[in-house]
Amino acid sequence: MAKNIQSLERAAAMLRLLAGGERRLGLSDIASSLGLAKGTAHGILRTLQAEGFVEQEAASGRYQLGAELLRLGNSYLDVHELRARALVWTDDLARSSGESVHLGVLHQRGVLIVHHVFRPDDSRQVLEVGAMQPLHSTALGKVLSAYDPVAHSEVLEVEREAFTPRTTTALGDFETLLDTVRARGWAADVEETWEGVASVAAPIHDRRRMPVGAVAVTGAVERLRPDGELRPELVAAVRDCARAVSPGPGGRPLLRPPRAPPHPFRPAGNDPVIGGFSLPDP
């Protein structure tokens, strides 16, 4: 079995020590509490301080937790708050649309899937929570790139790979595409990332109207575009879900949605799984 990295264990122990009891501790206190030599403790503290995880009080020389930990903690809480707010609404969207629903946030120049509701049938499906999707080709990624300035700058810096012949990769064309997303308030991915798969996404905003994530419905092209055009009621449902998950006045989500009836088109089971999504047999 692989061994843990001792320096990381000691750094974690220091952070826990500073988080409990007295919030400001001197070097001698930290070293003695953890059974470390002062030189070893000082080296770890200096590294943590350089990364913003620990701060040193100028007057006393004592150490305390740094602002970077607060930022990381807030990011964790933001994602989990977003997921908690979205649970009921995304379940309702999957039930009413008959398709799978994904909730995504910007992470490391991509889209991190933080919540996934399966399509409500008996087909084989793969849980996508924790998976990464590209910014430039997916509906979730396009929405984030259109509304989030950080995502927009990041998508311009990364290589925009052509996953299918339909993927938009040229910078000018991609910027035009984002203008369209902003104008209509939603984005689509029609076989631009995976052959046979289509998706519709809309942005989720916080109380300051800043984008914090996006929600999407994903399914087989023939179900989302039965007549060659995306189903307008599906686009409306995705946008309604995004607005519902976004906090209303006072930072509170909207009221619980009414229970939606099952979608009238119930897809057949035992579909093959392609790229994490189930598609009907050809």
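The values are calculated or read from the model by the stated rules, or taken from the named source; none is laboratory data. Because the structure is a prediction, the values reported are computed rather than measured. Using ideal geometry, Cβ is built from the backbone for each residue, glycine included, and neighbour counts are taken over all protein chains shown. To get the accessible areas, we keep the full protein, side chains included, count just its heavy atoms, and leave off ligands, DNA and RNA. Shrake-Rupley method; radii C 1.70, N 1.55, O 1.52, S 1.80 Å.
Among all positions in the stretch 170-186, there is no residue which is open to solvent by less than 20 Å² (accessible area, probe 1.4 Å), outside any helix (DSSP H, G or I), under 25 Å from Val114 (Cα atoms) and modelled with pLDDT under 95. Among the conditions (1) farther than 21 Å from Val212 by Cβ; (2) touching a His at 6+ places or on another chain (Cβ under 9 Å), the only one that Arg124 does not satisfy is (2). Among the residues of the stretch 188-202, the ones that are surrounded by 22 or more Cβ atoms within 10 Å (Cβ to Cβ) and over 19 Å from Ala94 (Cβ atoms) come to 2 in all.
Would it be correct to say that Val215 is assigned to a strand (DSSP E or B), under 28 Å from Ala86 (Cα atoms) and in contact with a Leu (Cβ under 6 Å, 6 or more places away or on another chain)?
yes
Hey, among the residues in the stretch 109-125 that are touching a residue at least 60 places away in the same chain (Cβ under 8 Å) and not basic (Lys, Arg), which one's surrounded by the most Cβ atoms within 10 Å (Cβ to Cβ)? Across the stretch 109-125, the extreme among qualifying residues is Val111. Given the condition among the basic types (Lys, Arg) and either touching an Asp or Glu at 6+ places or on another chain (Cβ under 9 Å) or part of a strand (DSSP E or B) (or both), answer yes or no: does some residue in the stretch 232-249 qualify? Checked the stretch 232-249: no residue is among the basic types (Lys, Arg) and either touching an Asp or Glu at 6+ places or on another chain (Cβ under 9 Å) or part of a strand (DSSP E or B) (or both).
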